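Each remark here refers to the structure printed beneath this line.
The values are calculated or read from the model by the stated rules, or taken from the named source; none is laboratory data. From a predicted model like this one, the values you see are computed outputs, not experimental measurements. Cβ sites come from the backbone with ideal geometry, for glycine too, and all protein chains shown count toward neighbours. All accessible areas refer to the heavy atoms of the entire protein, side chains included, with ligands and DNA or RNA removed. Shrake-Rupley method; radii C 1.70, N 1.55, O 1.52, S 1.80 Å.
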Amino acid sequence: MRYLSVVIPALNEAENLPTVMASIPRRDLAEAGWEVEVIVVDNASTDNTAEVARSLGAKVVSQSLRGYGNAYQAGFNAAGGDVIATGDADCTYPFDALPHLLHIMDARNVEFMTTNRLGIENREAMKPSHTVANHALSALSRVLFRNGLRDSQSGMWIFQRHVWQAIDVRSPGMAFSQEIKNAATRAGFRCLEVPIEYRVRGGQVKLNALPDGVANFRQLFEHKLRDNRLRTAPARMVPLAEVARANAAAERAADAAERAASAAEQLSFKVTPLSERGSALDEVDADTPRQAERYVGEEFDTTAALSAEFGSSEVDELNAETALPSLPAPRTANGASLEMA
(Lines give C-alpha, C1' and ligand atoms only; values in the text may rest on other atoms or scores of the structure.)
Protein backbone atom coordinates (compact mmCIF):
# COMPACT_ATOMS: atom_id res chain seq x y z
CA MET A 1 0.00 0.00 0.00
CA ARG A 2 1.42 3.37 -1.07
CA TYR A 3 0.79 6.59 0.81
CA LEU A 4 -0.70 9.70 -0.81
CA SER A 5 -0.96 13.10 0.88
CA VAL A 6 -3.49 15.51 -0.63
CA VAL A 7 -2.55 19.03 0.48
CA ILE A 8 -5.16 21.78 0.14
CA PRO A 9 -4.49 25.41 1.15
CA ALA A 10 -7.62 27.15 2.40
CA LEU A 11 -8.45 30.75 3.27
CA ASN A 12 -12.07 31.22 4.35
CA GLU A 13 -13.27 28.20 2.36
CA ALA A 14 -15.73 26.68 4.84
CA GLU A 15 -18.47 26.98 2.21
CA ASN A 16 -16.56 25.04 -0.44
CA LEU A 17 -14.84 22.38 1.65
CA PRO A 18 -17.76 19.87 1.78
CA THR A 19 -17.84 19.77 -2.04
CA VAL A 20 -14.05 19.57 -2.33
CA MET A 21 -13.70 16.80 0.28
CA ALA A 22 -16.53 14.79 -1.29
CA SER A 23 -14.75 14.92 -4.67
CA ILE A 24 -11.68 13.05 -3.37
CA PRO A 25 -12.30 9.42 -4.45
CA ARG A 26 -10.96 7.61 -1.41
CA ARG A 27 -12.54 4.26 -2.31
CA ASP A 28 -11.16 4.27 -5.86
CA LEU A 29 -7.75 5.26 -4.58
CA ALA A 30 -7.81 2.48 -1.98
CA GLU A 31 -8.72 -0.06 -4.66
CA ALA A 32 -5.74 1.20 -6.67
CA GLY A 33 -3.45 0.57 -3.68
CA TRP A 34 -3.28 4.05 -2.13
CA GLU A 35 -3.65 4.98 1.51
CA VAL A 36 -4.80 8.61 1.60
CA GLU A 37 -4.46 11.48 4.04
CA VAL A 38 -6.03 14.87 3.33
CA ILE A 39 -4.30 17.91 4.82
CA VAL A 40 -6.14 21.22 4.84
CA VAL A 41 -3.89 24.18 5.61
CA ASP A 42 -5.90 26.85 7.37
CA ASN A 43 -4.19 30.04 6.24
CA ALA A 44 -5.42 32.33 9.04
CA SER A 45 -9.08 32.04 8.06
CA THR A 46 -11.64 34.23 9.78
CA ASP A 47 -14.50 31.76 9.25
CA ASN A 48 -14.81 28.18 10.55
CA THR A 49 -12.67 26.62 7.80
CA ALA A 50 -10.64 24.57 10.31
CA GLU A 51 -13.69 23.19 12.13
CA VAL A 52 -15.40 22.20 8.88
CA ALA A 53 -12.24 20.50 7.60
CA ARG A 54 -11.86 18.45 10.79
CA SER A 55 -15.50 17.43 10.73
CA LEU A 56 -14.98 16.10 7.19
CA GLY A 57 -12.01 13.93 8.21
CA ALA A 58 -9.13 16.17 7.16
CA LYS A 59 -5.95 16.76 9.11
CA VAL A 60 -5.78 20.52 9.74
CA VAL A 61 -2.48 22.42 9.75
CA SER A 62 -2.53 26.05 10.84
CA GLN A 63 -0.39 28.61 9.03
CA SER A 64 -0.73 32.08 10.52
CA LEU A 65 1.39 33.72 7.80
CA ARG A 66 -0.95 34.57 4.95
CA GLY A 67 0.13 33.59 1.47
CA TYR A 68 -0.30 30.75 -1.02
CA GLY A 69 3.33 29.72 -0.81
CA ASN A 70 3.40 29.94 2.98
CA ALA A 71 0.39 27.65 3.18
CA TYR A 72 1.99 25.06 0.92
CA GLN A 73 5.28 25.16 2.80
CA ALA A 74 3.43 24.26 6.02
CA GLY A 75 1.34 21.60 4.32
CA PHE A 76 4.27 19.86 2.63
CA ASN A 77 6.25 19.83 5.86
CA ALA A 78 3.33 18.09 7.60
CA ALA A 79 2.65 15.58 4.80
CA GLY A 80 3.58 11.96 5.44
CA GLY A 81 2.98 10.53 1.96
CA ASP A 82 5.64 9.32 -0.42
CA VAL A 83 3.57 11.07 -3.11
CA ILE A 84 1.96 14.52 -2.67
CA ALA A 85 -0.99 15.90 -4.65
CA THR A 86 -2.27 19.46 -4.50
CA GLY A 87 -5.27 21.54 -5.47
CA ASP A 88 -7.19 24.58 -4.29
CA ALA A 89 -10.17 24.56 -1.93
CA ASP A 90 -12.35 26.59 -4.31
CA CYS A 91 -13.90 23.67 -6.30
CA THR A 92 -11.92 24.48 -9.47
CA TYR A 93 -9.59 21.44 -9.57
CA PRO A 94 -10.73 17.87 -10.39
CA PHE A 95 -9.67 15.81 -7.38
CA ASP A 96 -11.91 13.06 -8.75
CA ALA A 97 -9.32 12.61 -11.53
CA LEU A 98 -6.57 11.61 -9.06
CA PRO A 99 -6.72 7.83 -9.77
CA HIS A 100 -6.30 8.51 -13.50
CA LEU A 101 -3.51 11.04 -12.98
CA LEU A 102 -1.63 8.74 -10.61
CA HIS A 103 -1.92 5.93 -13.14
CA ILE A 104 -0.34 8.16 -15.80
CA MET A 105 2.37 9.17 -13.37
CA ASP A 106 3.28 5.54 -12.71
CA ALA A 107 2.98 4.45 -16.34
CA ARG A 108 5.27 7.25 -17.55
CA ASN A 109 7.67 6.99 -14.60
CA VAL A 110 7.17 10.66 -13.75
CA GLU A 111 8.58 12.39 -10.68
CA PHE A 112 6.79 15.74 -11.03
CA MET A 113 3.46 16.08 -12.84
CA THR A 114 1.77 19.42 -13.40
CA THR A 115 -1.50 20.21 -15.14
CA ASN A 116 -2.73 22.49 -17.91
CA ARG A 117 -6.02 24.37 -17.38
CA LEU A 118 -5.72 26.59 -20.46
CA GLY A 119 -7.37 24.37 -23.05
CA ILE A 120 -10.23 25.92 -25.00
CA GLU A 121 -12.64 23.49 -23.34
CA ASN A 122 -12.11 25.33 -20.04
CA ARG A 123 -12.45 28.89 -21.30
CA GLU A 124 -15.81 29.42 -19.61
CA ALA A 125 -14.35 28.67 -16.16
CA MET A 126 -11.87 31.56 -16.17
CA LYS A 127 -12.26 35.31 -16.72
CA PRO A 128 -10.88 36.46 -20.08
CA SER A 129 -8.44 38.83 -18.34
CA HIS A 130 -7.13 35.98 -16.19
CA THR A 131 -6.77 33.77 -19.25
CA VAL A 132 -4.66 36.40 -21.04
CA ALA A 133 -2.48 36.93 -17.94
CA ASN A 134 -1.93 33.18 -17.52
CA HIS A 135 -0.88 32.78 -21.16
CA ALA A 136 1.49 35.75 -20.90
CA LEU A 137 3.19 34.54 -17.71
CA SER A 138 3.44 31.00 -19.08
CA ALA A 139 5.05 32.22 -22.30
CA LEU A 140 7.63 34.25 -20.37
CA SER A 141 8.32 31.27 -18.12
CA ARG A 142 8.95 29.04 -21.15
CA VAL A 143 11.40 31.57 -22.60
CA LEU A 144 13.36 31.93 -19.36
CA PHE A 145 13.42 28.30 -18.19
CA ARG A 146 12.97 26.42 -21.49
CA ASN A 147 10.70 23.79 -19.96
CA GLY A 148 7.89 23.85 -22.53
CA LEU A 149 5.11 24.12 -19.92
CA ARG A 150 1.88 25.61 -21.30
CA ASP A 151 0.38 26.61 -17.93
CA SER A 152 2.92 27.90 -15.43
CA GLN A 153 0.22 29.03 -12.99
CA SER A 154 -1.80 25.83 -12.51
CA GLY A 155 -2.29 24.88 -8.86
CA MET A 156 -2.67 21.10 -9.29
CA TRP A 157 0.55 19.10 -9.11
CA ILE A 158 1.43 15.51 -8.17
CA PHE A 159 5.01 14.73 -7.24
CA GLN A 160 7.20 12.32 -5.35
CA ARG A 161 8.36 13.49 -1.93
CA HIS A 162 12.06 13.48 -2.84
CA VAL A 163 11.40 16.23 -5.40
CA TRP A 164 10.27 18.63 -2.70
CA GLN A 165 13.22 17.71 -0.50
CA ALA A 166 15.67 18.61 -3.27
CA ILE A 167 14.43 21.93 -4.63
CA ASP A 168 14.62 25.47 -3.24
CA VAL A 169 11.22 27.20 -3.49
CA ARG A 170 10.95 30.51 -1.66
CA SER A 171 7.87 32.42 -2.84
CA PRO A 172 5.43 33.16 -0.01
CA GLY A 173 2.57 34.07 -2.36
CA MET A 174 0.99 33.08 -5.67
CA ALA A 175 4.37 32.91 -7.44
CA PHE A 176 4.99 29.67 -5.55
CA SER A 177 3.05 27.84 -8.27
CA GLN A 178 5.37 28.82 -11.13
CA GLU A 179 8.49 28.57 -8.97
CA ILE A 180 7.94 24.95 -7.95
CA LYS A 181 7.48 23.93 -11.60
CA ASN A 182 10.52 25.81 -12.82
CA ALA A 183 12.64 24.50 -9.95
CA ALA A 184 11.60 20.89 -10.58
CA THR A 185 12.26 21.02 -14.32
CA ARG A 186 15.60 22.82 -13.97
CA ALA A 187 16.78 20.33 -11.32
CA GLY A 188 16.48 17.52 -13.87
CA PHE A 189 13.48 15.60 -12.54
CA ARG A 190 11.30 13.62 -14.92
CA CYS A 191 8.42 16.06 -15.47
CA LEU A 192 5.16 15.89 -17.38
CA GLU A 193 2.28 18.29 -18.03
CA VAL A 194 -1.20 16.88 -18.67
CA PRO A 195 -4.50 18.63 -19.49
CA ILE A 196 -7.26 18.71 -16.89
CA GLU A 197 -10.80 19.96 -16.56
CA TYR A 198 -10.95 23.33 -14.85
CA ARG A 199 -14.20 24.26 -13.13
CA VAL A 200 -16.02 27.42 -12.13
CA ARG A 201 -14.90 28.75 -8.79
CA GLY A 202 -17.17 28.51 -5.78
CA GLY A 203 -17.45 31.31 -3.23
CA GLN A 204 -15.49 34.54 -3.12
CA VAL A 205 -12.55 35.21 -5.47
CA LYS A 206 -9.37 35.96 -3.50
CA LEU A 207 -6.93 36.53 -6.37
CA ASN A 208 -5.59 40.10 -6.57
CA ALA A 209 -4.97 40.08 -10.30
CA LEU A 210 -2.69 43.09 -10.79
CA PRO A 211 -0.53 42.85 -7.62
CA ASP A 212 -0.21 39.06 -7.98
CA GLY A 213 0.62 39.37 -11.68
CA VAL A 214 3.35 41.93 -11.04
CA ALA A 215 4.79 39.81 -8.20
CA ASN A 216 4.86 36.73 -10.46
CA PHE A 217 6.55 38.70 -13.25
CA ARG A 218 9.27 39.92 -10.87
CA GLN A 219 9.76 36.47 -9.33
CA LEU A 220 10.45 34.89 -12.74
CA PHE A 221 13.50 37.10 -13.27
CA GLU A 222 14.71 36.72 -9.68
CA HIS A 223 14.47 32.94 -9.98
CA LYS A 224 16.27 32.99 -13.32
CA LEU A 225 19.17 35.02 -11.89
CA ARG A 226 19.43 32.70 -8.90
CA ASP A 227 19.31 29.65 -11.15
CA ASN A 228 22.12 30.97 -13.35
CA ARG A 229 24.35 31.61 -10.34
CA LEU A 230 23.73 28.10 -9.00
CA ARG A 231 24.59 26.53 -12.32
CA THR A 232 28.09 28.01 -12.18
CA ALA A 233 28.77 26.57 -8.72
CA PRO A 234 30.67 23.25 -8.35
CA ALA A 235 27.78 21.79 -6.34
CA ARG A 236 25.72 21.65 -9.52
CA MET A 237 28.22 19.32 -11.23
CA VAL A 238 25.89 16.52 -10.09
CA PRO A 239 22.25 17.29 -10.96
CA LEU A 240 19.99 17.74 -7.96
CA ALA A 241 17.67 15.08 -9.32
CA GLU A 242 20.39 12.41 -9.18
CA VAL A 243 21.24 13.27 -5.59
CA ALA A 244 17.55 13.25 -4.59
CA ARG A 245 16.95 9.87 -6.24
CA ALA A 246 19.97 8.36 -4.49
CA ASN A 247 18.83 9.73 -1.13
CA ALA A 248 15.29 8.47 -1.67
CA ALA A 249 16.56 5.01 -2.63
CA ALA A 250 18.75 4.88 0.47
CA GLU A 251 15.82 5.96 2.65
CA ARG A 252 13.58 3.26 1.17
CA ALA A 253 16.31 0.65 1.67
CA ALA A 254 16.74 1.70 5.31
CA ASP A 255 12.98 1.47 5.89
CA ALA A 256 12.87 -1.95 4.27
CA ALA A 257 15.77 -3.17 6.42
CA GLU A 258 14.07 -1.89 9.55
CA ARG A 259 10.82 -3.66 8.66
CA ALA A 260 12.70 -6.87 7.88
CA ALA A 261 14.53 -6.76 11.21
CA SER A 262 11.26 -6.21 13.06
CA ALA A 263 9.62 -9.11 11.21
CA ALA A 264 12.59 -11.40 11.96
CA GLU A 265 12.44 -10.51 15.65
CA GLN A 266 8.74 -11.35 15.81
CA LEU A 267 9.31 -14.60 13.93
CA SER A 268 12.14 -15.68 16.23
CA PHE A 269 9.84 -15.28 19.23
CA LYS A 270 7.16 -17.40 17.61
CA VAL A 271 9.54 -20.29 16.83
CA THR A 272 11.40 -20.40 20.17
CA PRO A 273 11.94 -24.12 21.01
CA LEU A 274 9.72 -25.59 23.72
CA SER A 275 12.80 -26.57 25.73
CA GLU A 276 13.64 -22.86 26.12
CA ARG A 277 10.14 -22.14 27.33
CA GLY A 278 9.83 -25.20 29.62
CA SER A 279 9.91 -23.26 32.87
CA ALA A 280 7.08 -21.04 31.70
CA LEU A 281 5.02 -24.06 30.66
CA ASP A 282 5.65 -25.70 34.05
CA GLU A 283 4.32 -22.63 35.80
CA VAL A 284 1.18 -22.69 33.66
CA ASP A 285 0.65 -26.42 34.37
CA ALA A 286 1.05 -25.86 38.12
CA ASP A 287 -1.71 -23.25 38.09
CA THR A 288 -4.11 -25.18 35.82
CA PRO A 289 -6.82 -27.27 37.62
CA ARG A 290 -6.78 -30.83 36.36
CA GLN A 291 -10.47 -31.42 36.24
CA ALA A 292 -10.10 -34.61 34.24
CA GLU A 293 -8.15 -36.54 36.88
CA ARG A 294 -11.22 -37.73 38.79
CA TYR A 295 -12.65 -39.37 35.66
CA VAL A 296 -9.49 -41.26 34.66
CA GLY A 297 -9.12 -44.79 35.94
CA GLU A 298 -12.80 -45.22 36.81
CA GLU A 299 -16.07 -45.52 34.96
CA PHE A 300 -17.68 -42.17 34.14
CA ASP A 301 -21.20 -42.14 35.59
CA THR A 302 -23.20 -39.83 33.31
CA THR A 303 -26.33 -39.98 35.43
CA ALA A 304 -24.46 -39.01 38.60
CA ALA A 305 -22.73 -36.14 36.84
CA LEU A 306 -25.97 -34.81 35.41
CA SER A 307 -27.79 -35.25 38.76
CA ALA A 308 -25.16 -33.12 40.46
CA GLU A 309 -25.71 -30.46 37.83
CA PHE A 310 -29.48 -30.49 37.30
CA GLY A 311 -31.10 -32.51 40.11
CA SER A 312 -32.12 -36.19 40.20
CA SER A 313 -35.78 -35.72 39.27
CA GLU A 314 -34.97 -33.82 36.08
CA VAL A 315 -32.36 -36.39 35.06
CA ASP A 316 -34.77 -39.29 35.63
CA GLU A 317 -37.23 -37.68 33.26
CA LEU A 318 -34.47 -37.04 30.70
CA ASN A 319 -33.17 -40.65 30.90
CA ALA A 320 -36.66 -42.01 30.51
CA GLU A 321 -37.14 -40.05 27.30
CA THR A 322 -33.68 -40.50 25.74
CA ALA A 323 -32.23 -43.61 27.41
CA LEU A 324 -28.90 -41.81 27.73
CA PRO A 325 -26.11 -44.42 28.12
CA SER A 326 -23.06 -44.13 30.38
CA LEU A 327 -19.74 -43.47 28.69
CA PRO A 328 -17.26 -46.37 28.83
CA ALA A 329 -14.05 -46.08 30.81
CA PRO A 330 -10.98 -44.94 28.90
CA ARG A 331 -9.14 -47.88 27.33
CA THR A 332 -5.61 -48.75 26.25
CA ALA A 333 -4.49 -51.27 23.69
CA ASN A 334 -4.48 -54.15 26.29
CA GLY A 335 -7.79 -53.16 27.84
CA ALA A 336 -6.30 -51.64 31.05
CA SER A 337 -7.54 -48.34 32.36
CA LEU A 338 -5.42 -45.23 31.79
CA GLU A 339 -3.70 -43.58 34.74
CA MET A 340 -2.13 -40.19 35.09
CA ALA A 341 1.65 -40.26 34.96
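Give me the distance in nm between label points sitting 7 Å out from Cα along the Cα-to-Cβ direction at residue 230 and residue 125, one decimal.
Going by the 7 Å Cα→Cβ label model, 3.0 nm.
Only Lys, Arg, Asp and Glu count, each charged at its Cβ (+1, +1, -1, -1), so figure out the dipole size of segment 170-221 about its Cα centre, rounded to 20 debye. Before the final figure, lay out each step's value.
Details: 8 positive and 4 negative charges, 20 e Å.
Here the size comes out at about 100 debye.
Please give the length that would be gained between residue 139 and residue 103 if that part of the chain were fully extended, namely 0.36 nm times their separation in residues minus their C-alpha to C-alpha distance (nm, one decimal).
Values: separation 36, 0.36 × 36 = 12.96 nm, distance 2.87 nm.
That works out to 10.1 nm of additional length.
Just how far, in whole angstrom, is segment 146-217 from segment 1-62 if you go by their alpha carbon centroids?
When both Cα centres are located, 20 Å separates them.
Suppose every Lys and Arg Cβ carries +1 and every Asp and Glu Cβ carries -1, with no other charges. What dipole size does segment 81-191 come out with about its Cα centre, to the nearest 20 debye? Display every interim value, and only then the final one.
Numbers: 12 positive and 11 negative charges, 96 e Å.
Here segment 81-191 has a charge dipole of around 460 debye.
Can you send over the solvent-accessible area of residue 68, 1.4 Å probe, protein chains only, in Å² to the nearest 10?
30 Å²
I want to check the label-to-label distance for residue 132 and residue 62. Put each point 7 Å from Cα in the C-beta direction and report it in nm to one decimal.
4.3 nm
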